[in-house]
Amino acid sequence: MIFETLTFSDKSSSCYGLEVVASHLREIGHTVHNYDINSKNQILVSVFWPEMIYDLIKLSCQSKGRQIIAGGNAVTTNPAVVLPFVDGAFVGDGEVWDGSLDAPNVASARGRVEIASAAEIKPMVYADVQSNKRSFCEISRGCKNKCLFCQYGWLKKYREADFERIKSVIECSDGKSIRTFAADRFQHSNYLKIRALLDKLGKCDTGSDLSLRFCLSNPSFLANTNKVRVGIEGCSFRLRKLVGKNYSDEDIVSFCKTVADAGIKCLDFYMIYGLPTETTDDVRDFFELIKKIDAVMPLGYTIAIHWNAFTPSAMTPLQYERAAFDMPADYLDPAMKRFPSQRCKFYHKPGMTGNKTILKRMLCIRGNEGAKKILFNVAKSPAKFLSNEPWLLKTFEQETGISLVEKIDRSKEMPWDKYVVYPKEKMLHLLDINLRKNSAPSANHSQG
């Protein structure tokens, strides 16, 4: 079989995950080339972010007569939204696929399929050439944390790549920069050995993602770390507990001070606004947290705070909840204020997310076969169809049977329910426990 690979990126025609699949297919006897618009071969497409589905729709329109097989995170979590536009939707780790459309993990009307899981993570030498050449090395997949909003800890069990395989990839990589990537690098049991190898070879690790939980347990790891990005997510301690990030204000302040003391020059926070049960009190709590952080940090220290509107991701405990849609334009202002004698440089970006962007995302997150026409129209003329919010909301619910942005009753079937096996009851049980413990805002739920 001859396949051609394509992903949707502004600067690259491929990605690491797709190259892992291509390498496996070659090993079992298939031929794999880069995408050629003029050929008739089957196309393998990686769709990681939900909004890439609009690019997939455009590809489907211009590739009549060619088979398209899609995979990636967005496809795994909701095959229903892509099946009207492709010939096959592969669910899970693509390196176990045999190249056939009737393989066990290809979603179809036959019934629900399991999420494919590779028994062993085998990192491979890979470089992404954009403005600069960047080498990559996957050190683990999945996540030990089970945050209620995040797909990564729920879709795939945690697996580590063997150190000797990682060593081989790092030694074979070109250039001085390499990104050793994982959901949380500190979770790897051989992280210090990986770092020591990078230092020995004079490599600069451009990876940055880690969790506050593992950092507080292993503060010495920071001595060998160049950059730190961490998910704080909830504005208040109450909200953080609700979504599975049990970080008190004191934990976060201590973490920030530890990072600065380790000589790391700046910090990146991921934040989510509009979480279930969130109130303006929670937003104000975050402002109080910022003041506490500012009081202990070095003068002029930089902290970039990346705000994201809550969108209820498929196959997570929060999948039925309401999106952070149609919120007041000044909603985050209480968290972004300056205060007297501010020592740190706090950058809030990008701030609030517009309604059109949220609608565009939610169409891909909650869409099913009934939304085919809407998705096609938005892909073709986004400005025209996203501007008419009342029509879009009403039509989507009529065609799919569920709301596009509002909270959905648990008795409703979600688009992915009939295609993929996933631990829905376990997720909902955990959510109920967290809601009972943390949903009712008190008069003062700040820490410290």
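Structure summary
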{"read-out": "Loop-resident sites, region 353-448, for GluC sites (Glu not before Pro), counting at most 14 other Cβ within 10 Å (DSSP)", "value": "406, 413"}
{"read-out": "Cα convex hull volume per residue for region 223-335 (Å³)", "value": "111 Å³"}
{"read-out": "Sites residue 200 and residue 265 - FRET efficiency at Förster radius 22 Å, r taken between beta-carbons, to 0.05", "value": "0.40"}
{"read-out": "Quarter of the Cα convex hull surface for the chain, i.e. its orientation-mean projected area (nm²)", "value": "21.9 nm²"}
{"read-out": "Where only C-alpha atoms are counted, convex hull volume of region 120-210 per residue in Å³", "value": "98 Å³"}
{"read-out": "Paramagnetic reach from residue 280 (point 7 Å along Cα→Cβ, amide N under 20 Å) across region 325-355", "value": "325-339, 351-353"}
{"read-out": "Column: log10 I(q)/I(0), Debye, Cα scatterers of region 1-158, q = 0.13 Å⁻¹", "value": "-0.60"}
{"read-out": "Taking 18, 428 and counting other C-beta atoms within 10 Å, the order from fewest to most", "value": "428, 18"}
{"read-out": "Radius of gyration and Dmax over the Cα atoms of region 313-448, both given in Å", "value": "18.7, 56"}
{"read-out": "Contact order normalised by residue count of the chain, Cα under 8 Å, 6+ apart, percent", "value": "15 percent"}
{"read-out": "At R0 = 25 Å, FRET efficiency that the Cβ-Cβ distance of residue 436 and residue 112 yields, to 0.05", "value": "0.25"}
{"read-out": "Gain upon complete extension [residue 103, residue 248; 0.36 nm per residue less C-alpha separation]", "value": "47.6 nm"}
{"read-out": "In range of the label at residue 171: residues from region 86-130 whose backbone nitrogen is under 17 Å from the point 7 Å along Cα→Cβ", "value": "123-126"}
{"read-out": "Mean separation of Cα contacts under 8 Å, 6 or more apart, over the residue count of region 228-448: relative contact order %", "value": "25 percent"}
{"read-out": "Candidates 216, 148, 56, ranked by Gaussian network fluctuation over the chain, Cα under 10 Å, top entry", "value": "216"}
{"read-out": "Sites residue 330 and residue 122 - FRET efficiency at Förster radius 30 Å, r taken between beta-carbons, to 0.05", "value": "0.05"}
{"read-out": "Label-point separation, residue 391 to residue 37 (7 Å along Cα→Cβ), nm", "value": "3.0 nm"}
{"read-out": "Residue 258 paired with residue 409, simple spin-label distance in nm, labels 7 Å along Cα-to-beta-carbon", "value": "4.7 nm"}
{"read-out": "Sequence of 373, 146 once ranked by neighbouring C-beta atoms within 10 Å, starting from the fewest", "value": "373, 146"}
{"read-out": "Debye, to nearest 20: dipole size of the chain, +1 on Lys, Arg Cβ, -1 on Asp, Glu Cβ", "value": "520 debye"}
{"read-out": "Over 21 Å (Cα to Cα) - which of 167/200; 349/407; 156/360; 349/380; 146/426; 146/360 fall in this group", "value": "349/407; 156/360; 349/380; 146/360"}
{"read-out": "Distance in nm between pseudo-label sites at residue 58 and residue 144 (7 Å out along the Cβ direction from Cα)", "value": "4.2 nm"}
{"read-out": "Length-normalised contact order of region 73-167 in % [C-alpha pairs under 8 Å, at least 6 apart]", "value": "19 percent"}
{"read-out": "Three-way shape label, region 1-61, alpha-carbon gyration tensor, a/c 1.5", "value": "oblate"}
{"read-out": "Rounded Å value of the spacing that divides the Cα centres of region 224-248 and region 64-127", "value": "32 Å"}
{"read-out": "Calculated SAXS-style log₁₀ I(q)/I(0) at q = 0.14, 0.17, 0.23, 0.26 Å⁻¹ - region 13-104, Debye, Cα scatterers", "value": "-0.45, -0.68, -1.33, -1.67"}
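Computed from the coordinates by the stated procedures, all read-outs in this text should not be read as laboratory data. All figures in this text were calculated on a predicted structure; none of them were measured in a lab. Quick reminder, even Gly has a Cβ in these numbers, built from the backbone with ideal geometry, and neighbours come from all protein chains shown.
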